[in-house]
Amino acid sequence: MKKSNSILGDQRILFLLAALMAVSMWFYVDRILVGYQVEDAAAHQRPRGNLSDLYPRWLGARELLLHHRNPYSDDIAIEIQKGYYGRALDSNRPNDPKDQQKFVYPVYVVFLLAPLIKFPFHSVQVFFHWLILALTTASVWLWLRALHWRISIWSMASVIALTLGCFPSVQGIKIQQPSMLVAVFMAGAAACAAGGLLALSGILLALATIKPQLAWPMVAWLLFWALSDWGARRKLVFAFTLAMAFLLIGAEFILPGWWGMFADGMRQYHQYAQNQSVLDVLFPWGFAGKILGAIATLACAAALMGLRKAPGNELRFGRATALVMALTVLVVPMYAPYNQVLLLPALLVLARDRILLFSRSQGVRFAYLAGVFALSWQWVAALSLSAGYMFGFKAWALRGWWWPGLATFALPVLVLALMLVDVQFKVGESSRLPRKRTA
């Protein structure tokens, strides 16, 4: 009994620490990062409007469904800029943002936004803010289901606090980034596949394609997994195909020829936004980033070949799916920090398998500790800056606004490398392990 009380006490202390880290991150973003951005925008005359990544999609959906206007058109882009930035961008102003904030999603995203188009955008912002908070909280439970890992209530609370209080989540929630919604769709698809709800998994997987550049690795993996045991898993393929057919046909009905407009919009987007993958940023010399991305993809594909027949109720399925999510963060041509919410399942796997990994070589242990440091640094920096700000060192804190992002690009590399090691060690595991309740 004393041991049980001691464990419970330790878990409560860990939760309080996690809550402190989360609060410090929100304080850092609200007071320090935004404070710096406001000062910098004023000094360089950069416009600041609602700065909501939902706004371009919401306005495009409203104009298409209510007024039958083409959301990909230049006139809609100008209206989006007036709301997003506060005014239209001016190419004659060198300090104006380069991102034109055009509508560059598949047009079927309007089906998800249709219930919101008649409300004022401020009300939509508030609703979406709390919706993402709730869904991101639910995604923790969904990923734990997909990974077949049962943890205590206090451990769950700690994971939720750290998930909601990490910089990628805070950024995604603050700017109402639709990637947060896509992350939940993929978590739901994985959990349903692991739980045998294959038709629902296929539908959620189709909905995740509102951001195809983020969804394609997960789509490829789950379809490959389903095709590897057609008799038992064909419902996932059928449901995904029917859901995609509904989305694509519906999109063509409301905006004929949207495919070409979307493709042209994406081409322009990559020109003015100059999006790069994490590897492209880390290795900017020639095609080094793309070559390393191809190598990482091939390494993951080789590992997944040995896991394709794993039933959804085995730990191997969860590891494979977490590996795919980690690869996604590393190779997709979008290095924005909010995309790193997709690392959540891999981080959970690495936390669960920490004893296994520490029993391996010294190099693996060093990589694991480096990963822990890279993950923890954001909270160490945010807490330090927040404390300085509150104790009167505001100018110092504002000058250090960039500190929490120092490990942004190192973390996905370390996580993928550790996941490849973890999968390799456990690739032969075929037994359905008992779902032990652990901390």
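Since residue 260 meets every condition but one in (1) more than 30 Å from residue 99 (Cα to Cα); (2) surrounded by fewer than 17 Cβ atoms within 10 Å (Cβ to Cβ), which condition does it not meet?
All conditions are met except number (1).
Hey, can you tell me all the residues within the range 305-361 that are crowded, with 19+ Cβ neighbours inside 10 Å, in a helix (DSSP H, G or I) and charged (D, E, K, R)?
Within the range 305-361, 316, 319, 352 qualify.
Tell me yes or no: at least one residue of the range 32-46 is over 18 Å from residue 172 (Cα atoms) and outside any helix (DSSP H, G or I).
There is at least one residue in the range 32-46 that is over 18 Å from residue 172 (Cα atoms) and outside any helix (DSSP H, G or I).
Residues that are touching a Leu at 6+ places or on another chain (Cβ under 6 Å) and surrounded by 20 or more Cβ atoms within 10 Å (Cβ to Cβ): does the range 91-105 have at least one?
no
Output the number of the condition that residue 280 fails; it satisfies all remaining conditions of (1) surrounded by 15 or more Cβ atoms within 10 Å (Cβ to Cβ); (2) modelled with pLDDT of 95 or more.
(2)
Looking for whichever is touching a Gly at 6+ places or on another chain (Cβ under 9 Å), more than 21 Å from residue 21 (Cα to Cα) and either part of a helix (DSSP H, G or I) or at pLDDT 95 or above (or both) here; the options are 414, 398. Which one fits?
414
What helices (runs of 4 or more DSSP H) completely inside the range 82-186 contain at least 1 residues that are modelled with pLDDT of 95 or more and closer than 28 Å to residue 23 by Cα?
121-147, 153-164, 167-174
Where the second residue is in a helix (DSSP H, G or I) and hydroxyl-bearing (Ser, Thr, Tyr) and the first is in contact (Cβ under 8 Å) with a residue 12 or more places away in the chain and lies in the range 45-72, which pairs have Cβ atoms under 8 Å and are six or more apart or on separate chains?
Sorted first by the residue in the range 45-72, then by its partner, the pairs are 49/84; 50/84; 51/84; 52/84; 55/84; 56/84.
Can you go through 251, 243 and tell me which one is assigned to a helix (DSSP H, G or I), hydrophobic (A, V, I, L, M, F, W, C) and in contact (Cβ under 8 Å) with a residue 60 or more places away in the chain?
Numbers: 243 fails: in contact (Cβ under 8 Å) with a residue 60 or more places away in the chain.
None of the other options fit; the residue is 251.
Could you list, in sequence order, all residues of the range 47-66 that are assigned to a helix (DSSP H, G or I) and surrounded by 19 or more Cβ atoms within 10 Å (Cβ to Cβ)?
We begin by selecting, within the range 47-66, every residue assigned to a helix (DSSP H, G or I); these are 55-66.
Those that are assigned to a helix (DSSP H, G or I) and surrounded by 19 or more Cβ atoms within 10 Å (Cβ to Cβ): 55, 56, 57, 58, 59, 60, 61, 62, 63, 64.
The values are calculated or read from the model by the stated rules, or taken from the named source; none is laboratory data. This one's a predicted model, so the numbers in the text were calculated from it and none came from an experiment. Please note: Cβ atoms are built from the backbone with ideal geometry, for glycine as well, and neighbour counts cover all protein chains shown.
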